[in-house]
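Q: Once you've had a glance at the structure underneath, I'll fire off some questions.
Laboratory data are not the source of any read-out in this text; all were calculated from the coordinates shown. Note that the structure is a prediction, hence the values are computed from the model and not measured. Here the Cβ positions follow ideal geometry from the backbone for every residue, glycine too, while neighbour counts run over all protein chains shown.
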Amino acid sequence: MKSIIAAGILLASGSAAMAGPYVNLESNSGRIGNEYTGTLIELHKGYEGQIGESDAGYYVQAGPAFTLPNGEDAETNLSGKAGLVYDVTENVELYKEVYFITGSDTSWNLKAGATYRF
């Protein structure tokens, strides 16, 4: 198991300029006040690349999502992300992303933002 985690970390930490397949392992834990609510672990396989000769790129990834709520039974679902990234300047990048996770109801989230690198 440790080798799978290490491989995921190494592959996911690659440069955004590289195109091709990757693995992304992500864990998110939550609290409301002082109460731990649970953890979501996602193991995604993805692909990223450039859009033609432009300064725009894309990524798509999906895989199992292990929901571990505090005090309740664990659940395995499917989750994924797809996004666009655009280099406005050498230091500024804009991005848009759509995220989903299945379950009793499928949840969708949209995200947009900008990154400034010093």
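Q: Across the range 31-46, in residue order, what do the Karplus-derived ³J(HN,Hα) couplings come to in whole Hz, using 6.51 cos²θ - 1.76 cosθ + 1.60 with θ = phi - 60° and x for Gly and Pro?
A: Values, residue by residue: 9, 10, x, 9, 9, 5, 9, x, 9, 10, 10, 10, 10, 10, 9, x Hz.
Q: Mind listing the long-range amide H neighbours of ALA19? Cut-off is under 5 Å, sequence gap 5 or more, other chains count too, H placed in the peptide plane at 1.01 Å from N.
A: It is none; the list stays empty.
Q: Something else: If every alpha-carbon in the range 51-116 counts as one equal scatterer, what log10 I(q)/I(0) does Debye give at q = 0.24 1/Å?
A: Result of the Debye calculation: -0.99.
Q: If you plug each phi of the range 52-58 into the Karplus form 6.51 cos²θ - 1.76 cosθ + 1.60 with θ = phi - 60°, what whole-Hz ³J(HN,Hα) values come out, in order, with x for Gly and Pro?
A: The phi angles translate into x, 9, 7, 8, 9, x, 9 Hz.
Q: Let me ask something else about it. Using alpha-carbon positions, what is the distance between the centroids of the range 63-114 and the range 18-45, in Å?
A: About 9 Å separates the Cα centre of the range 63-114 from the one of the range 18-45.
Q: Per residue of the range 99-106, what does 6.51 cos²θ - 1.76 cosθ + 1.60 with θ = phi - 60° give for ³J(HN,Hα)? Whole Hz please, x for Gly and Pro, Karplus curve as stated.
A: For the range 99-106, the Karplus curve yields 10, 9, 8, 7, x, 4, 10, 6 Hz.
Q: Okay, moving on. At a Förster distance of 25 Å, what's the computed FRET efficiency of THR89 paired with ILE41, Cβ-Cβ distance as r, to 0.05?
A: E(calc), rounded to 0.05, equals 0.10.
Q: Rg and Dmax of the range 16-102 over Cα atoms: what are they, in angstrom?
A: So, for the range 16-102, Rg and Dmax equal 16.1, 51 Å respectively.
Q: Using 1/(1 + (r/R0)^6) with R0 = 22 angstrom and r between the beta carbons of PHE100 and LEU68, what's the FRET efficiency to the nearest 0.05?
A: So, using R0 = 22 Å, E works out to roughly 0.70.
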